[in-house]
Amino acid sequence: MKAQDPKSPSFFPISFNLQSHLLNYLSYFLLFVFGLTLGVVLSNLKDLSFGSLQFAQIPFSPVSPPPTYVVGTNTSVSSSPPRIGLKDYLKPPKAFHDMNNTELLWRASMTPRIPEYPFPLVPKVAFMFLTRGPVVLAPLWEKFFAGHHGLYSIYVHSSPSYNHSSYTETPVFRGRRIPSQEVEWGTVSLIEAERLLLANALLDISNQRFVLLSDACIPLYNFSTVYSYLINSTQTFVEVYDNPNGDGRRRYGLSDYPGITIDQWRKGSQWFQADRDLALEFVSDRKYFPVFMKCKGYCFSDEHYLPTFVSMKFGAKNANRTLTWVDWEKGGPHPTEYATKNRTAELLSGLRNGFGRKCEYNGRSRDVCFLFARKFPPTALDNLLKFAPEIMHFNT
């Protein structure tokens, strides 16, 4: 075949068409490369932006599950924690807790500055038992407390060496033992134990009156009478008197008491009945209590610390008498123990009327001078249970 001459007119359309196609292919290729490049760049920018934002806001956190709802009720409940109201905040801990003494006293010393309660408060009486072992007259106290739940609290300080598993506690005393320490008669360990009982009782804001009792104490009246007498009283009942004899002022010389003169030194029974204000002052005292704690040996601080403290600071509000009968007529370091079985009924009747004496109560003279009495051994329990309904009216 004869070759076509490039100069011939028919060659130009063919050459022009080939150039046009090449230019089109080149344009498409450039557009494709440009679009691909732009897509890669935008994709990298997007990943970098959102990835960085997500990393900054929720590092290493899994996606939270959606809120859950309770099926079967009209109100949906979210998984947020429940509200802790005032009732939960004021709920006292169990009697046997794990606070040490420093933590306990600090917690017990708290008190609101606003006197009005933002809720209806039913006042309770705290019965605090200072014992070596079990409350041996517990069956009598069971009858006393029966039917009055919500009006009383019970706290028991017994020796830590006492084996509690060897004695079956009655219902009202079950679980009422507090963390305790060893107590020795005549030493400062007694007022330490009293302070621990008060501190634990103060954790319940409903406790407005506080009664210290021993395992040899009994109630002389039914619960309603005792409760009314204590709650309605305008005074505290701490026995206070000045005794210049050997077991009074002469004990002042058994230790050094800076800040307390011999003229301020007082004596009294350790079995007190206090209101909440005095109880708070007792557990918060950092001036006089440490002074008594320095005494070593037999200083009988249980008969002097609180009477002296109350006389110096709160004498105007105190009745200067105790509500617990104790017979010291025979003399000696320990009071009379009422172990004679055939005298129980006569004895209880005499104790209830104070053996004919009169006492002031809220500015008036009253026949009722004592609400409790000691010292009754376990052997007296059967007779006490026999006469309690008739003489002390425990069924009312």
Within the accessible area of the range 232-376, what % is carbon and sulfur when the probe is 1.4 Å and the other protein chains stay in place?
46 percent
With a probe of 1.4 Å, find how much accessible area the range 199-259 has per residue, and write the answer as a whole number in Å².
34 Å²
Potential lengthening between Arg343 and Arg113 on full extension [0.36 nm per residue; Cα-Cα distance subtracted]
77.7 nm
Accessible-area value, Glu360, 1.4 Å probe, nucleic acids and ligands omitted, Å²:
110 Å²
What order, most packed first, do the peptides 203-210, 306-313 have when packing is the mean number of other Cβ atoms within 10 Å of each residue?
306-313, 203-210
Relative contact order as a percentage, the range 88-186, C-alpha pairs under 8 Å and 6+ apart, gives 34 percent
So the FRET efficiency between Ser166 and Ile84, C-beta based with R0 = 51 Å and rounded to 0.05, is 0.80
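At 0.36 nm per residue, minus the direct Cα-Cα distance, what do Leu385 and Lys294 gain on full extension? Give it in nm, one decimal, please.
Working: separation 91, 0.36 × 91 = 32.76 nm, distance 4.34 nm.
In short, 28.4 nm is gained.
The values are calculated or read from the model by the stated rules, or taken from the named source; none is laboratory data. Keep in mind it's a predicted model, so treat the numbers as computed, not measured. As a convention, Cβ positions derive from the backbone with ideal geometry for all residues, glycine included, and neighbour counts pool all protein chains shown. Side chains are part of the model used for accessible areas, which takes the heavy atoms of the whole protein and leaves out ligands, DNA and RNA. Shrake-Rupley method; radii C 1.70, N 1.55, O 1.52, S 1.80 Å.
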